[in-house]
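The values are calculated or read from the model by the stated rules, or taken from the named source; none is laboratory data. What you are looking at is a predicted structure, and each value in this text was computed from that prediction instead of being measured. All Cβ positions, glycine included, derive from the backbone under ideal geometry; neighbour counts span all protein chains shown.
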Amino acid sequence: MPEETVHESRKSRSRQAVATYFRRIARALGRGEPVPVDDAGTVTVDPAAEQEVEIELEREDGTVHFEVEMEWPETEGEIDEEAAASKATFELFRDKADEHRWRLVHDNGNIIADGGEGYSDKRDAESGIESVQRNAPGAHVIDVSRDEEAPEEGGSDATFELFRDNADDYRWRLRHDNGNVIADGGQGYASKQKAKQGLNSVKSNAPGAAVEGEEAEE
């Protein structure tokens, strides 16, 4: 049977982005779950219980190649080219002030994240969504009320911050390394555990969530 390329992608990534991607693979392998092949998780592979693993490091014409390859009989694994990438959708809309905003809505109807601010230019709102999709999956989680700091290694260009508001409820926000808050939960939770569940839903659903149109709110 001739060779068939199911999925192939190539793009520049930072070391942090590469680390985030490999952590997603390692987490799925450790849990026995399908492994995401693309960033959005629309293509997954469920490997065999044991695989042949080949690691190769070579130099060629001034370029270094570091390749990790896994191999197993096709009958012992499963490929899904139409995986359910997300259980949520990014909704772009215009508010009463005619500014562009976004919110991440779960399939159950709950708003699990929003941008927290309006933009005069729709492209800025779209850039905000892209930043959340890119940074949320690998972002470290810290409790600022305990003066915790994010580890220097790994993570992404943003950090999930857990904190308590004036009503003593737990909340979360996703803060970029430049200091800007790029997403928040929009609500308070009675326990830290519930707040973590909320941000974990964003971690898992944001990368593959579709972005839908824009309608003016009344």
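Out of curiosity, is V211 surrounded by fewer than 17 Cβ atoms within 10 Å (Cβ to Cβ) and among the β-branched types (V, I, T)? Judged against the criteria, V211 is a match. Scanning the stretch 29-40 for residues that are loosely packed, with under 14 Cβ neighbours inside 10 Å and assigned to a loop (DSSP other than H, G, I, E, B) yields G32, E33. Every listed requirement among (1) under 29 Å from A26 (Cα atoms); (2) buried (at least 17 other Cβ atoms within 10 Å of the Cβ) is met by Y170 save one, (1).
Conditions tested, residue by residue: (1) among the β-branched types (V, I, T); (2) closer than 30 Å to K194 by Cβ.
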{"position": "D39", "(1), (2)": "no, yes"}
{"position": "T42", "(1), (2)": "yes, yes"}
{"position": "P47", "(1), (2)": "no, no"}
{"position": "E78", "(1), (2)": "no, no"}
{"position": "H106", "(1), (2)": "no, yes"}
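Per the listing D95, D46, the residue uniquely in contact (Cβ under 8 Å) with a residue 24 or more places away in the chain and within 30 Å of D124 (Cβ to Cβ) is D95. Scanning the stretch 23-60 for residues that are acidic (D, E) and closer than 19 Å to R10 by Cα gives D38, D39, E56, E58, E60. Among the residues in the stretch 138-153, are any touching a His at 6+ places or on another chain (Cβ under 8 Å) and farther than 21 Å from R24 by Cα? No, every residue in the stretch 138-153 fails to be touching a His at 6+ places or on another chain (Cβ under 8 Å) and farther than 21 Å from R24 by Cα.
Condition check ((1) touching a helix residue (DSSP H, G or I) at 6+ places or on another chain (Cβ under 8 Å); (2) part of a strand (DSSP E or B); (3) under 30 Å from I129 (Cβ atoms)) across all residues:
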{"position": "P2", "(1), (2), (3)": "no, no, no"}
{"position": "T5", "(1), (2), (3)": "no, no, yes"}
{"position": "K11", "(1), (2), (3)": "no, no, yes"}
{"position": "V18", "(1), (2), (3)": "no, no, yes"}
{"position": "R27", "(1), (2), (3)": "no, no, yes"}
{"position": "T42", "(1), (2), (3)": "no, no, yes"}
{"position": "I79", "(1), (2), (3)": "no, yes, yes"}
{"position": "F90", "(1), (2), (3)": "yes, yes, yes"}
{"position": "K96", "(1), (2), (3)": "no, no, yes"}
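Filtering the stretch 44-66 to residues that are closer than 20 Å to T5 by Cα, of a type outside the set (S, T, N, Q) and not in a strand (DSSP E or B) leaves P47, A48. The set of residues from the stretch 182-200 being closer than 21 Å to G154 by Cβ and either crowded, with 16+ Cβ neighbours inside 10 Å or over 12 Å from the mean Cα position of the chain (by Cα) (or both) comprises I182, A183, K196, L199. Of the strands (runs of 3 or more DSSP E) lying entirely inside the stretch 103-218, those containing at least 3 residues that are in contact with a strand residue (DSSP E or B) (Cβ under 6 Å, 6 or more places away or on another chain) and modelled with pLDDT of 90 or more are 111-114, 140-143, 158-164, 170-176, 181-184. Of a type in the set (D, E) and farther than 25 Å from T89 by Cα, is that true of E67? Yes.
Which pairs turn up if I take residues in the stretch 110-135 that are over 21 Å from D157 (Cα atoms) and look for partners that are surrounded by fewer than 16 Cβ atoms within 10 Å (Cβ to Cβ) with beta carbon separation below 6 Å, at least 6 apart in sequence or on another chain? Within 6 Å, the pairs are G118/D95.
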